[in-house]
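Written out below as structure tokens is the structure these notes cover.
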């Protein structure tokens, strides 16, 4: 089983990449959170890998953090949640937000993920409630904790805006305004979209 790959980033796209390891190219499926944090093409990168065996194929799924990999494995342990849907979850919610939604049985939050309906959300909350707290690097949410700026989702959105050509400081200030004005936590796509609107306003 391949558990880790380090090499040159040869190809990158929102759903997959190719990493060149000493002349051998490995195609790896990734969530958006990993895509937005990738280095430039031809730069070196390292990925935590899950090797998924099927009767007709071997698929590799890659993550920049161990916590994402652990979350992916927990998600796919739930009946009805395959690798593709698990990637959709991690593309929509940060690991921190996913863990907190499951622990709080916040099925409405889980249902914001494309492909996750009411039944699937309930199953995730029920089956993973006592497991997600063991994910590496995840800590219980503190009521007094600073939101936004130090959240994984905030950092993913910031990285995406910087990749789109915006200055890091401008993007950070825009995202701060968005998260402050939001009535609740936003999914990654929503945060990026609202951040772009805020930047357009200047």
>> If I filter the range 15-34 for residues that are out of contact with any strand residue (DSSP E or B) (no Cβ under 8 Å at 6 or more places or on another chain), closer than 22 Å to residue 152 by Cβ and surrounded by fewer than 17 Cβ atoms within 10 Å (Cβ to Cβ), do I get at least one hit?
In response: no
>> Let me spell it out: the conditions are (1) closer than 23 Å to residue 192 by Cα; (2) at pLDDT below 95, and residue 16 meets all of them except one. Which number is the exception?
In response: (2)
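Residues checked against (1) closer than 24 Å to residue 70 by Cα; (2) at pLDDT below 85:
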| residue | (1), (2) |
| --- | --- |
| 135 | yes, no |
| 139 | yes, yes |
| 144 | no, yes |
| 151 | yes, yes |
| 156 | yes, yes |
| 161 | no, yes |
| 169 | no, yes |
>> So, in the range 84-96, how many residues would count as being more than 11 Å from residue 113 (Cα to Cα) and surrounded by fewer than 22 Cβ atoms within 10 Å (Cβ to Cβ)?
In response: 2
> Could you count how many residues in the range 116-134 are farther than 14 Å from residue 99 by Cβ, touching a helix residue (DSSP H, G or I) at 6+ places or on another chain (Cβ under 8 Å) and in contact (Cβ under 8 Å) with a residue 24 or more places away in the chain?
Replying inline: 2
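The values are calculated or read from the model by the stated rules, or taken from the named source; none is laboratory data. Remember, it's a predicted structure, so these values are computed and weren't measured experimentally. Backbone-built Cβ (ideal geometry, glycine too); neighbour counts: all protein chains shown.
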